[in-house]
Amino acid sequence: MYPTEDTKSQFQNLIENFEESINVYIYDEDDSKPEYKWLLDIVKYSDCVILDIDNIPPNHKDIISFLLGNDNVFWLTKGENEVYNILSKNRIYNLDWLYNSIGEKLETTQ
């Protein structure tokens, strides 16, 4: 959710190595009418969600704390918000861990 161009590029480099098929959804809507229902459904049914907190537009900030309460949401930020650290221990600093994480999940489901 709200990935930077750098994050998109890093993710693309990681998934190029996957032989298995995966579904990828990117949410970066910046309009005045957010698609909250669709977004919450995707979060609910996804194995892994990457949330880039620094890029969320102001009209979407109200949903951050709810998203962080989900075990499958991993989040990036350059800030040091103590509240986010209390709500979720799933803070990440890059996507390096993702290759092994997704690979393990794919192996256990086959």
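For this structure, a couple of remarks:
- 14 Å tail of the calculated P(r), the range 1-60, as % of Cα pairs: 62
- Computed over protein heavy atoms with a 1.4 Å probe, the accessible surface of the chain works out to 67 Å² per residue.
- Of Asp41, Asp47, the residue with the largest accessible area leads and the full order is Asp47, Asp41 (1.4 Å probe).
- Set Lys33/Lys89; Lys33/Lys61; Lys61/Lys89; Lys37/Lys78 screened for pairs whose C-alpha atoms are more than 24 Å apart: Lys33/Lys89; Lys37/Lys78
- With the biggest extent put first, the Cα atoms of the chain measure 38, 29, 25 Å across the principal axes.
- Amide H contacts of Trp75: Leu51, Arg91, Ile92, each under 5 Å away and 5 or more positions distant or on a separate chain (H built 1.01 Å from N in the peptide plane; Pro and chain starts excluded).
- Overall, the accessible surface of the range 1-99 at a probe of 1.4 angstrom is composed of carbon and sulfur to the extent of 48 percent.
- Using heavy atoms of the protein chains and a probe of 1.4 Å, the accessible area assigned to Trp97 is about 70 Å².
- Legend: residues Tyr84, Tyr45, Tyr36, sorted from most to least accessible area (1.4 Å probe; ligands, DNA and RNA excluded), read Tyr45, Tyr36, Tyr84.
- Of Glu5, Glu19, Glu35, the order by accessible heavy-atom surface (1.4 Å probe, DNA, RNA and ligands excluded), from most exposed downward, is Glu19, Glu5, Glu35.
- In order along the range 38-48, the Karplus-derived 3J(HN,Hα) couplings, from 6.51 cos²θ - 1.76 cosθ + 1.60 at θ = phi - 60°, round to 4, 4, 5, 5, 5, 4, 4, 9, 8, 6, 8 Hz, and Gly and Pro are given as x.
- Calculated [222 nm] ellipticity per residue, helices only, for the chain: -12000 deg cm²/dmol; basis is -39500 (n - 2.57) per DSSP H run with n ≥ 4, divided by all residues, nearest 500.
The values are calculated or read from the model by the stated rules, or taken from the named source; none is laboratory data. Computed from a prediction, not measured in an experiment: that's the story for all the values here. Just the protein is used for accessible areas: all its heavy atoms, side chains included, with ligands, DNA and RNA removed. Shrake-Rupley method; radii C 1.70, N 1.55, O 1.52, S 1.80 Å.
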